[in-house]
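Readers should treat all values here as calculations from the given coordinates under stated rules, not as data from a laboratory. Fair warning: this is a prediction, and the values are worked out from it, not measured in the lab. Backbone-built Cβ (ideal geometry, glycine too); neighbour counts: all protein chains shown.
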Amino acid sequence: MNSLIPIILFLSWFGNAQGATVTFNVITFGAKPDGKTDATQPFLEAWAAACTAATASRIYVPKGRYLLRSAEFRGPCKSKIRVQIDGTLVAPVDHRAIGNSDYWILFIQVNWLSVVGGNLDAKGAGLWACKASGQTCPTGARSITFNWVNNGEIKGLTSINSQLMHIVINSCKNVKVSNVKMIAPDLSPNTDGIHVQSSTGVTITNALIKTGDDCISIGPGTRNLWMDKIKCGPGHGVSIGSLGRSFDEDGVENVTLINSAFSGSDNGLRIKTWARPSKGFVRNINFRNIIMKNVENPIIIDQNYCPNNQGCPSQGSGIKISQITYQNIQGSSATKVAMTFDCSHTNPCSNIKLYDIKLTYLKSTKAQSYCKNIAGSSAGVIMPENCL
Ligand SMILES: *[C@@H]1O[C@H](CO)[C@@H](O)[C@H](O)[C@H]1NC(C)=O
């Protein structure tokens, strides 16, 4: 009999170590799921409890609507945190409430963080209207941001009507974003779907993005980014850049986008840089198995980026673009020039590879391509005609 005791003790210890997750329900901290009572303080208190818990913890947000002002969830925390959201987080209707704080929901300096589920409604319309009226407006807030998060995850989240970008991954390592939806009107300003910057090892899988700016924008210092099953449009496409705003800028390297579709978007696969000197670069980028439907610029490298054609620099772009592969890109262009490579005269694009490109122009006439300051190679069918 006695010999069993150590075994039983071991089993109970083992069971505990595996399943020991402590749950903090925001309701018990005073949050009301009525969409009217300010839940910011209860959310922050639930976070403080979870962040200081000695074992893995879960913050639970039950069904219902929770009114949330700008909230900063700061680490480092003692152990893993999972934020499980079954409800909807709504911002105040008055856009000034979160509009002056850059961030609506900010997770900062946290390791091993999962945000699972949830609907975010930032009520961006007030800010867009303000901007359209020409009045002086607050800058606006990004909806959900990970700053300095290592080993993080955003899964099953839906974000609508962000004031600015929906999701921002900045200065992070190993963050997985999956099964997400981002929706805002076609003409809403600066509502990028997902922005990645200064981060390594980010993966984005299965994202549906219909928004007013880039579906995914990729900023300086992005390395080892993987994107697959992205549906984009309306929106401005998947954009690397704009880059070269400053001279001392980090490069972008090893980015893959596969098995994705663009529909009615302003761009498909875009690389854009300002026309001024910079130490930056874009290299080892792979676009594979992409379908375009009525896309204005299905494939574009623009090293003379100049939004609204106003007061932009007009030097040679210092951003060195090389090793860019486009493979199996098919579908329709909404404009005649389906492939544009407008590269820098001081730093021509090099090692650009085209394999099996089949893009047609909707209006029965043939699509065209445009090449400037570019070197590379091609194989398979290339349509529109290869200008490399
Ligand atoms: C490139 O990025 C992928 C993830 O997309 C990663 O698995 C791979 O190791 C990276 N390659 C290098 C050379 O870092």
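Working out 0.36 nm times the residue gap between residue 198 and residue 171, then minus their Cα-Cα distance, what length gain in nm do you get to one decimal?
Numbers: separation 27, 0.36 × 27 = 9.72 nm, distance 0.47 nm.
Extra length available between residue 198 and residue 171 comes to 9.3 nm.
Based on other C-beta atoms within 10 Å, arrange 371, 215 from fewest to most.
371, 215
Rg/Rh for segment 19-213 to two decimals, with Rh computed the Kirkwood way over all alpha-carbon pairs.
With Rg and the Kirkwood Rh in hand, the quotient comes to 0.96.
Among 165, 188, 369, flag the residue with its Cα farthest along the positive direction of the charge dipole of the chain, charges on Cβ as +1 for Lys/Arg and -1 for Asp/Glu.
My answer, from the dipole projection, is 369.
Please give the contour-minus-distance gain from residue 309 to residue 370: 0.36 nm per residue of separation, less the Cα-Cα distance, rounded to one decimal in nm.
20.0 nm
No solvent, one uniform scatterer per C-alpha: report log10 I(q)/I(0) for segment 48-109 via the Debye equation at q = 0.15, 0.19 1/Å, two decimals.
Values returned for q = 0.15, 0.19 Å⁻¹ are -0.55, -0.81.
Based on the Cβ-Cβ distance from residue 346 to residue 48, what FRET efficiency comes out when R0 is 56 Å, to the nearest 0.05?
Given R0 = 56 Å and the Cβ-Cβ separation, E is 0.60.
With the crude spin-label approximation of a point 7 Å out along Cα→Cβ, what separation in nm comes out for residue 385 versus residue 100?
Placing both labels 7 Å beyond Cα along the Cβ direction yields 6.0 nm.
Report the normalised scattering of segment 220-334 as log10 I(q)/I(0) at q = 0.10, 0.17, 0.18 Å⁻¹, calculated by the Debye formula with identical scatterers on the alpha carbons.
Per q value, in the given order, log10 I(q)/I(0) is -0.29, -0.81, -0.89.
Assign unit charges at the C-beta atoms only (+1 for Lys and Arg, -1 for Asp and Glu), then state the dipole size of segment 19-213 relative to its Cα centre in Debye, rounded to the nearest 20.
Values: 19 positive and 12 negative charges, 76 e Å.
So the dipole magnitude of segment 19-213 works out to roughly 360 debye.
Could you sort 39-47, 189-197 so that the peptide with the highest average Cβ count within 10 Å comes first and the rest follow in order?
Details: 39-47: 20.4, 189-197: 24.2.
Packing proxy ranking, top to bottom: 189-197, 39-47.
What Cys residues in the chain have no fellow cysteine's beta-carbon under 4.7 angstrom?
Taking the Cβ cut-off of 4.7 Å, the unpaired cysteines of the chain are 172.
Which order results if 345, 166 are arranged by neighbouring Cβ count within 10 Å, fewest first?
Working: 345 13, 166 31.
Going from least to most buried by this count: 345, 166.
For residue 220, what charge total do you get from the other residues with a beta carbon under 12 Å from its beta carbon, if Lys and Arg give +1 and Asp and Glu give -1?
Neighbour charge sum, excluding residue 220 itself: -1.
Could you give the size of the charge dipole of the chain about its Cα centre, using +1 on the Cβ of each K and R and -1 on the Cβ of each D and E, expressed in debye and rounded to the nearest 20?
The calculation lands at about 360 debye.
For the charge dipole of segment 257-388, defined by +1 on Lys and Arg C-beta atoms and -1 on Asp and Glu C-beta atoms about the Cα centroid, which residue among 382, 313, 329 has the Cα displaced farthest towards the positive pole?
313
Per residue, how big is the convex hull around the C-alpha atoms of the chain? Give it to me in cubic angstrom, could you?
Convex hull volume per residue, Cα atoms: 164 Å³.
In nm, to one decimal, how far is the residue 32 label point from the residue 74 one, both placed 7 Å along Cα→Cβ?
Here the modelled spin labels are 2.9 nm apart.
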